[in-house]
Amino acid sequence: MDAAECSDSQSTNEDPTFPGSDAEEAAIIVVPENAQARLAFSEVAEWLGEQNQMPSVREAQDIARKCIWVARSQKKDPEVTRLLRHFVSGALSSSSPMSSPQQEQASRRTNNPPEPVVELWHGFYYLTLGEPPQQPWRGWTVGSLRVQQSLNDVVLCLRSDNNAMYGVRPHQALFQLHMTGRFCLQQISKSSATYLGSNLVSREQHVLNEPSMMVTFGALSYRVQYARFSHSENYRSQLVNYLKEHLKTPITSADLSLTPTPSDMAGIRVGQWHLTTGTIGSGVSGRVSIGTNISGTVVALKRMTVDKGKVEVRPFQEKLETLSSLVESHNENRILRLVEVITDDARGVNRTADLWFVLTPAVADTLYSISVKGLLGDGKDR
């Protein structure tokens with residue numbers, strides 16, 4: 001689903017992430033999914049259109065505008081209409097005496113026709129490396145509206161968590177760029193939950209390893225997805241520069257080639273590892289791919305197909321385990337070591353089975369490729 005589909009294009013063919021459009025360099029977009037999120041988004045859009053004389057409010061508006069795209073016209077939203085009616089009726093019923101079913105039916109017959117469907121501003125939030133957050137080393141702050149101090153880069157709603165409809169804290173979470181070149185999410189508040197898919201986000205970084213994922217802040221649900229520009233060569237150059245300049249992470253395009261922007265074509269998962277590339281190497285004993293997990297750890301996965309009675313892999317596994325023990329005892333992280341072994345036949349009932357040896361570190365270059373590039377010195381320079 002692309003940006004045009006997410007925003008429903010407001011009955012036009014407008015795509016705000018297309019080259020030459022407002023959000024053409026968006027790296028990720030965050031699209032309101034449930035009724036609460038769409039209502040909150042529309043309220044934020046209304047607020048951004050207001051002229052305010054207070055300098056602190058104008059500053060908050062200027063910052064928030066950098067991360068939001070709003071369609072040119074409003075759109076009817078029956079689901080939000082039902083939500084508001086339910087919310088109002090719930091508030092009224094809690095403050096007034098209960099009526100009998102007969103009274104309710106009579107009231108419905110004598111009431112005026114149903115109110116018209118609510119019209120809302122639609123759109124999405126987006127992050128671009130060309131517009132760094134206020135504090136690049138920290139990331140893009142996400143939460144409800146704040147003014148005067150600690151302003152948010154992404155304003156999800158105008159009300160804080162004392163409103164049961166939204167449940168979002170002033171400082172809810174952070175979006176940040178991970179050293180793999182992918183975006184990650186990190187919780188700030190202890191008072192309101194943030195979920196990435198079905199995983200509760202903690203203060204540790206949770207990497208977005210899928211092209212499209214659900215994220216929930218309090219009661220507000222969104223779909224976060226990598227945008228069109230994040231798959232381009234221009235973005236790759238922008239990514240290297242951003243990591244070096246703002247996050248002081250020395251990295252090369254070759255390093256980032258191990259963890260390219262997630263796409264619909266790379267949806268294979270082995271255990272906790274999302275495969276980021278196809279086969280990058282092969283030999284008589286198996287094929288090698290690159291994978292990463294939600295923490296952003298990058299590994300090499302060596303896949304071997306084992307036929308019972310013909311191939312004995314136990315000696316190979318024991319060698320890797322012995323090497324890993326030696327490496328860990330000497331605190332040496334530059335030598336290959338075994339992380340885990342995964343099989344698709346844990347009970348051993350099939351004649352053949354696939355084994356994945358998960359190995360680290362995963363590197364973009366080998367000694368041979370470095371030598372070919374002339375990066376190895378001669379004699380004492382090596």
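The values are calculated or read from the model by the stated rules, or taken from the named source; none is laboratory data. Remember, predicted model here, so these are calculated numbers, not experimental data. Note: ideal-geometry Cβ built from the backbone for every residue, glycine included; neighbour counts use all protein chains shown.
Consider ARG138 carefully, then state whether it is touching a strand residue (DSSP E or B) at 6+ places or on another chain (Cβ under 9 Å), buried (at least 23 other Cβ atoms within 10 Å of the Cβ) and of a type in the set (Lys, Arg).
Judged against the criteria, ARG138 is not a match.
Restricting to the stretch 209-247, name every residue that is of a type in the set (D, E, K, R) and touching a residue at least 60 places away in the same chain (Cβ under 8 Å).
GLU210, ARG223, ARG228
For the stretch 294-341, name all the residues that are touching a residue at least 60 places away in the same chain (Cβ under 8 Å), of a type outside the set (Val, Ile, Thr), surrounded by 17 or more Cβ atoms within 10 Å (Cβ to Cβ) and on the phi < 0 side of the Ramachandran plot. Before the answer, list the steps.
Let us first name the residues in the stretch 294-341 that are touching a residue at least 60 places away in the same chain (Cβ under 8 Å), namely 294-300, 340.
Checking the rest, the ones that are also of a type outside the set (Val, Ile, Thr) come to 295-296, 300, 340.
Now restrict to residues that are surrounded by 17 or more Cβ atoms within 10 Å (Cβ to Cβ): 296, 300.
Listed by number, the list holds a single entry, ALA300.
Do we find that GLN205 is out of contact with any Phe, Trp or Tyr (no Cβ under 6 Å at 6 or more places or on another chain), surrounded by 13 or more Cβ atoms within 10 Å (Cβ to Cβ) and assigned by TED's automatic domain parsing to the domain that holds GLU24 in this structure?
Yes; evaluated as a whole, the condition is true for this residue.
For the structure I just gave you, tell me whether ARG236 is at pLDDT 90 or above and under 15 Å from the mean Cα position of the chain (by Cα).
On the way: at pLDDT 90 or above: yes; under 15 Å from the mean Cα position of the chain (by Cα): no.
Judged against the criteria, ARG236 is not a match.
Every residue, every condition in (1) buried (at least 16 other Cβ atoms within 10 Å of the Cβ); (2) assigned to a helix (DSSP H, G or I); (3) small (Gly, Ala, Ser); (4) at pLDDT 85 or above, yes or no:
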site: MET1; (1), (2), (3), (4): no, no, no, no
site: ASN13; (1), (2), (3), (4): no, no, no, no
site: ALA23; (1), (2), (3), (4): yes, no, yes, yes
site: ALA26; (1), (2), (3), (4): yes, no, yes, yes
site: ILE29; (1), (2), (3), (4): yes, no, no, yes
site: GLN36; (1), (2), (3), (4): yes, yes, no, yes
site: GLU43; (1), (2), (3), (4): yes, yes, no, yes
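Would you check if VAL155 is assigned by TED's automatic domain parsing to the domain that holds HIS206, of a type in the set (Val, Ile, Thr) and assigned to a strand (DSSP E or B)? Working first, answer last.
Working: assigned by TED's automatic domain parsing to the domain that holds HIS206: yes; of a type in the set (Val, Ile, Thr): yes; assigned to a strand (DSSP E or B): yes.
Considered against the rule, which asks whether it is assigned by TED's automatic domain parsing to the domain that holds HIS206, of a type in the set (Val, Ile, Thr) and assigned to a strand (DSSP E or B), VAL155 comes out as yes.
Please specify each residue of the stretch 275-293 satisfying the condition of being buried (at least 20 other Cβ atoms within 10 Å of the Cβ) and on the phi < 0 side of the Ramachandran plot.
Of everything in the stretch 275-293, those that are buried (at least 20 other Cβ atoms within 10 Å of the Cβ) and on the phi < 0 side of the Ramachandran plot turn out to be THR276, SER289, ILE290, GLY291, THR292.
For ALA254, indicate whether it is over 15 Å from the mean Cα position of the chain (by Cα) and either more than 25 Å from PRO136 (Cβ to Cβ) or not assigned by TED's automatic domain parsing to the domain that holds VAL339 (or both).
Criteria met by ALA254.
Say we look at the stretch 208-258 and pick out the residues that are part of a helix (DSSP H, G or I) and among the hydroxyl-bearing types (Ser, Thr, Tyr); which of these is surrounded by the most Cβ atoms within 10 Å (Cβ to Cβ)?
SER230
Does the stretch 335-356 include one or more residues that are at pLDDT 85 or above and touching a Gly at 6+ places or on another chain (Cβ under 6 Å)?
Yes, that holds for at least one residue.
Go through the stretch 41-67 residue by residue and tally those that are closer than 13 Å to GLN134 by Cβ and not basic (Lys, Arg).
Kept after step one, since they are closer than 13 Å to GLN134 by Cβ, are these residues of the stretch 41-67: 59-60, 62-64, 66-67.
With the extra rule that they be not basic (Lys, Arg), the set shrinks to 59-60, 62-64, 67.
Residues that pass the stated criteria total 6.
Can you say whether PRO132 is at pLDDT 95 or above, more than 23 Å from GLU79 (Cβ to Cβ) and surrounded by fewer than 23 Cβ atoms within 10 Å (Cβ to Cβ), as far as the supplied structure shows?
It is true that PRO132 is at pLDDT 95 or above, more than 23 Å from GLU79 (Cβ to Cβ) and surrounded by fewer than 23 Cβ atoms within 10 Å (Cβ to Cβ).
Across the stretch 114-129, which residue is farthest from the chain's Cα centre (by Cα) among those that are in a loop (DSSP other than H, G, I, E, B) and modelled with pLDDT of 95 or more?
Once the filter is applied, the top-ranked residue is TRP121.
Determine whether the stretch 141-157 contains at least one residue that is modelled with pLDDT of 95 or more and either under 22 Å from ASN241 (Cβ atoms) or surrounded by fewer than 15 Cβ atoms within 10 Å (Cβ to Cβ) (or both).
yes
Sort out which residues of the stretch 266-288 are within 17 Å of the chain's Cα centre (by Cα) and either modelled with pLDDT under 80 or in a loop (DSSP other than H, G, I, E, B) (or both), and write them in order of number.
Of everything in the stretch 266-288, those that are within 17 Å of the chain's Cα centre (by Cα) and either modelled with pLDDT under 80 or in a loop (DSSP other than H, G, I, E, B) (or both) turn out to be ALA266, GLY267, GLN272, THR276.
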